[in-house]
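Values in this text are rule-based calculations from the coordinates and carry no lab data. Remember, predicted model here, so these are calculated numbers, not experimental data. For neighbour counting, all protein chains shown are included, and Cβ atoms are generated from backbone atoms with ideal geometry for every residue, glycine included.
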Amino acid sequence: MNPYRSLFLGHGAPSLALSSHPANAFLRELGQQLPKPRAAIVVSPHWMAPAFAVKSVPRFEAWHDFSGFPRELYALRYAPEGDAVLARKVFEGLSAAGIPTALDSNPRIDHGVWVPLMLLWPEADVPTVQVAVGPGGPAALWRLGETLKSIVADRDDVLVIGSGSLVHNLREIDPEFAPATEWARDFDHWMSVHLASRDQAALTDYRAQAPSAARAHPSDEHLLPLFAAAGAGGAANKLHESFSYGSLSMSAYGFT
């Protein structure tokens, strides 16, 4: 039995798939340590939509939704199966909860999905369902997570994954292995403290309460999957902490 109902994973730049960064090794080790789930439901900041749409396809394909990286990265392929039964269950559960949703048949999965999944499960043998980041900000994503938790309450073999970054400011990036900036560490630490106490009110109001919030997230799409993961689980356990490019947090959490 998996000790976590949900995970939040920092996915960093797409090049994490080929990097020697500690977060690469962490994700590979995590995939070996945790029991392999029957299926994964993934929320990524790279699929923003007018509703919390649900992808239902026979098989996914990696979408190289980026430019300017080494040629080797574009040669990578990752094609996990979909799970039509689970996708339908998620769609119907969200609809019943009054959460705006839709079914989507686009087989492409963005790098916020396939990069961490490739490191966790390189054999692409975990059926996957992707849910879009819909409207409403942190509180809406927390509610999404709570609803996903209730939808799969009878399944202890389905893992909800939020993929993003606890700090994400591409305007102030340094070389990949540069030390983290002080303001990035301060924000990451504030989030860590409030995740540990499960202070939902403070976390969903992070933009007003956290230090350097606007600097840590000029726009908040990369933090939103965290709230889905937190809502889908219980107590938070910090699994990993590192930074890449000075201002990208690679912190990861497991929620029991």
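Here residue 25 and residue 75 are evaluated by their C-beta separation; at R0 = 22 Å the FRET efficiency comes out at 0.55.
Between the range 61-90 and the range 130-161, the C-alpha centres lie 20 angstrom from each other.
Taking Lys and Arg as +1 and Asp and Glu as -1, the other residues whose beta-carbon sits under 13 Å from that of residue 256 total +3.
Give me the net charge for the shell around residue 196: Cβ to Cβ below 15 angstrom, other residues only, Lys and Arg +1, Asp and Glu -1. Before the final figure, lay out each step's value.
Numbers: positive: 198, 238; negative: 188, 199, 241.
With Lys, Arg at +1 and Asp, Glu at -1, the net is -1.
If you take all other residues with their beta carbon under 10 Å from the beta carbon of residue 234, and give Lys and Arg +1 and Asp and Glu -1, the sum is +3.
Taking label points 7 Å from Cα along the Cα-to-Cβ direction, residue 123 and residue 155 give a separation of 2.0 nm.
Treating the beta-carbon of each Lys and Arg as +1 and of each Asp and Glu as -1, no other charges, what is the dipole magnitude of the range 6-255 about its Cα centre, to the nearest 20 debye? It would help to have the intermediate numbers written out before the result.
Numbers: 19 positive and 26 negative charges, 66 e Å.
Around 320 debye, computed over the range 6-255.
Of the chymotrypsin sites (Phe, Trp or Tyr not before Pro) in the range 172-238, the ones in a loop by DSSP (not H, G, I, E or B) with at most 15 other beta carbons within 10 Å are 177. Toward the positive end of the charge dipole of the chain, with +1 on the Cβ of Lys and Arg and -1 on the Cβ of Asp and Glu, the farthest Cα among 75, 140, 63 is that of 140. Both radii come from the Cα set of the range 115-256: Rg as radius of gyration, Rh as Kirkwood radius; their ratio Rg/Rh reads 0.96.
For a modelled paramagnetic label at residue 84, 7 Å from Cα along Cα-to-Cβ, the residues of the range 52-71 in reach, with backbone nitrogen under 19 Å, are 54-61.
What does the extension gain come out to for residue 36 and residue 97, with contour length at 0.36 nm per residue minus their alpha carbon separation? Don't skip to the answer; put the middle values down first.
Working: separation 61, 0.36 × 61 = 21.96 nm, distance 2.88 nm.
Stretched fully, the residue 36-residue 97 segment lengthens by 19.1 nm.
Footprinting exposure proxy ranking of 48, 1, 118, 250, fewest other C-beta atoms within 10 angstrom first, gives 1, 48, 118, 250.
Residues considered: 163, 19, 197. Largest GNM mean-square fluctuation over the chain, using C-alpha springs under 10 Å, is found at 197.
The GNM of the chain, with springs linking C-alpha atoms under 10 angstrom apart, assigns the highest mean-square fluctuation among 159, 76, 195 to 76. Comparing 181, 101, 128 in a Gaussian network model of the chain, where Cα atoms under 10 Å apart are tied by springs, the biggest mean-square fluctuation is seen for 181.
Across all directions of projection, what mean area in square nanometres is found for the Cα convex hull of the range 53-164? Mind dumping the intermediate values first?
Working: hull surface 29.8 nm².
Across all orientations, the range 53-164 yields a mean hull projection of 7.4 nm².
Both radii come from the Cα set of the range 2-77: Rg as radius of gyration, Rh as Kirkwood radius; their ratio Rg/Rh reads 0.96.
Anything in the chain that counts as a DSSP H helix reaching 20 Å or more along its axis (C-alpha) with Kyte-Doolittle mean of at least -1.0? List them, would you? Intermediate results must be reported in sequence, preceding the final value.
Numbers: long enough: 137-151 (21 Å, 0.19); 182-196 (21 Å, -0.51).
Length and hydropathy pass: 137-151, 182-196.
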